[in-house]
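The values are calculated or read from the model by the stated rules, or taken from the named source; none is laboratory data. All values reported here derive from a predicted model rather than from experimental measurement. For neighbour counting, all protein chains shown are included, and Cβ atoms are generated from backbone atoms with ideal geometry for every residue, glycine included. What goes into the accessible areas is simple: the full protein's heavy atoms, side chains included, and nothing from ligands, DNA or RNA. Shrake-Rupley method; radii C 1.70, N 1.55, O 1.52, S 1.80 Å.
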Amino acid sequence: MTTAQITIDFAPELRLFVAAAQRHGPCAVPIDSVSTLGHIVESLGVPLTEVGELLVDGRSMSPAHLPADGAVVSVRAVVRPQRFAEPMRFLLDIHLGTLARRLRLLGVDTSYENPDIGDAALATRSATEHRILLSRDRGLLRRREIFAGAYIYSHRPAEQLDDVLSRFAPPLAPWTRCTACNGPLRIAEKQTLRGHLPSDTERTYNAFAQCLDCGRTYWKGAHHARLDAIVTHALQDFGTSP
């Protein structure tokens, strides 16, 4: 008895997720009568968060489609920028702390919890708050309850930031969010901060901002040049107004 199978081909951007034998072009994959196209794609290692259009014999199909024996499937990558009907808000897992701070630096609404709250809580929060879950954990991104998600391809924070800005094109408003807690910043008068700043800082600086949520105070200190370079790069390459 011949086993039913389909021929499946992944876009070059997705081939890093699949086995070596499936990275070089179309390959045969056995099917049964109950597994959906989405289930088959995920079983081969590709999170559906990374999948754009699914073509079956040249026709666009949903992940719920049941492919027939002999079907030819093309799995395309997500089209960039990826659009959402509502304001973009992000949720990052425990391994993306630096990326979270950089997104907040750019004024992007970014939730991040340390210590780790666990995969189940992350997925629930994504669904409840309509946040796009960013992670390098494929298993986490396969959770059905998440609102939306994206795999972070690089382990380097600068490349991670470029990837997110390229994929989602969120509006940028630098220096408006607390990098520690994501709260909004307001201009703070120096006299209101007296006694709460290091003496050298109080003597040297005159411009301050303060988080309305956690009370953290900011000024253009020793790290400002490095942070300003991150902001300048983001605005030049990806900048959009809020």
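Assuming 0.36 nm per residue, please report the length gained on full extension of the stretch LEU235 to ASP57 beyond their Cα-Cα distance.
Between LEU235 and ASP57, full extension yields an extra 59.9 nm.
For the chain, what D do you get in µm² per second when you plug the Kirkwood radius from alpha-carbon pairs into Stokes-Einstein at 37 °C and 0.692 mPa s?
The diffusion coefficient I find is 162 µm²/s.
Restricting to DSSP loop positions (anything but H, G, I, E, B) with no more than 16 other Cβ atoms inside 10 Å of their own Cβ, which trypsin sites (Lys or Arg not before Pro) remain in the range 34-140?
ARG83, ARG136
In percent, what relative contact order does the range 85-185 have, based on Cα pairs under 8 Å that are 6 or more apart in sequence?
That works out to 32 percent.
Considering Cα pairs under 8 angstrom that are at least six residues apart, work out the relative contact order of the chain and quote it in whole percent.
Rounded, it is 15 percent for the chain.
Roughly how many Å² is the accessible area per residue of the chain, as a whole number, for a 1.4 Å probe?
53 Å²
Go ahead and estimate [θ] at 222 nm for the chain from helices alone: -39,500 (n - 2.57) per DSSP H run with n ≥ 4, summed, over the residue count, rounded to 500.
Mean residue ellipticity, 222 nm, calculated: -7500 deg cm²/dmol.
Are there GluC sites (Glu not before Pro) in the range 147-202 that DSSP puts in a loop and that have at most 13 other Cβ atoms within 10 Å, and which ones?
Those that pass, being in a loop and sparsely packed, are GLU189.
Cβ under 14 Å from LEU235's Cβ, LEU235 left aside: what net charge do those residues give with Lys, Arg +1 and Asp, Glu -1? Could the numbers behind the result be given before it?
Details: positive: ARG102; negative: ASP162, ASP228, ASP237.
In short, -2.
Using DSSP, restrict attention to beta bridges with both residues in the range 1-80 and report what percent are antiparallel, rounded to the nearest 5.
75 percent
Distance between Cα centroids, the range 179-241 to the range 5-24: provide it in whole Å.
Cα centres, the range 179-241 to the range 5-24: 46 Å.
If you build the Cα gyration tensor of the range 44-183 and take the root of 5 times each eigenvalue, what three semi-axes come out, in whole angstrom, biggest first?
The answer is 30, 16, 13 Å, longest axis first.
P(r) for the range 119-242: what percent of alpha-carbon pairs falls in each 10 Å bin, starting at zero?
11, 30, 32, 19, 7, 0
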